[in-house]
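These notes concern the structure reproduced below.
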């Protein structure tokens, strides 16, 4: 086997599967970034509209896709590039992902979640109206729930880290709430909330914005589009 063939095989991020239809080929690829059934629907629609692709089946449980195509009209590299273009990652289904890689993914998602919740809590503190019984109870429920989620995410880094993070975020949020109730932030509140929204959409959640844009470009309405519209 020559060097070119060996290199091509090493870089191949799919495995070939037997096809039941003559003149067709089938490949299997492992997909990273799947979260729900809407993700599987997005992938099936995006790939199913490509020239030469006859059938796409995505398994959320196994995070894999089976793609049947006409080799005269489609190439595996082009098909999988579409997956990358819409924001998903591709891994070789014949290899087990290293524990370190999966750990890095979890750490990255945990940081995104913590940052998003922190910005959300600050925004809630700036717009909440705890004057009434029900409105105050609702604000307290939102605060408590989000802080509990942050604690669970940070708990893997140790109890001290989790408690410190929760106390720090809560202190900042309640401090801003107190200043707003005292009238110190009345004029600045709209600008602060707008800045928080900008950071959340174009900073922490920029990957969601990218995936929403790619979905709309292909005429697909999915959860990423709905999140950005909200």
So the angle from the long Cα axis of helix 76-85 to the longest Cα principal axis of the chain, reported in degrees to the nearest 10, equals 10 degrees
Treating every alpha carbon of the stretch 63-170 as one equal point scatterer without solvent, the Debye formula yields log10 I(q)/I(0) values at q = 0.18 Å⁻¹ of -0.93
Relative to the chain, whose Cα atoms define the longest principal axis, helix 159-181 and its Cα axis are tilted in degrees, nearest 10, by 50 degrees
Taking a crude spin-label model, label points 7 Å out from Cα along the C-beta direction, the residue 35 to residue 120 distance in nm is 1.0 nm
Most packed first (mean Cβ within 10 Å per residue), the peptides 222-228, 76-82, 194-200 order as 222-228, 76-82, 194-200
Under the 7 Å Cα-to-Cβ spin-label approximation, residue 152 and residue 59 lie apart by a distance in nanometres of 2.7 nm
Its Cα gyration tensor gives the stretch 3-91 an equivalent ellipsoid whose semi-axes in whole Å, largest first, are 20, 16, 12
Nearest-0.05 FRET efficiency for residue 210 and residue 24 at R0 = 41 Å, using Cβ-Cβ distance, is 0.80
Ordering 161-172, 178-189, 27-38 by per-residue average of other C-beta atoms within 10 angstrom, highest first, gives 27-38, 161-172, 178-189
All alpha-carbon distances of the stretch 158-221, grouped into 10 Å bins from 0, give the whole-percent distribution 18, 26, 29, 20, 7
Taking only the alpha carbons of the stretch 99-229, the radius of gyration and the largest Cα-Cα distance, Dmax, both in angstrom, are 16.9, 51
Per residue convex hull volume, Cα only, the chain, in Å³ is 163 Å³
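A short reminder: the numbers here are calculations on the coordinates, not readings from a lab. Model, not experiment: these values are computed from the prediction. Note that we place each Cβ from the backbone using ideal geometry, even for glycine, and neighbour counts take in every protein chain shown.
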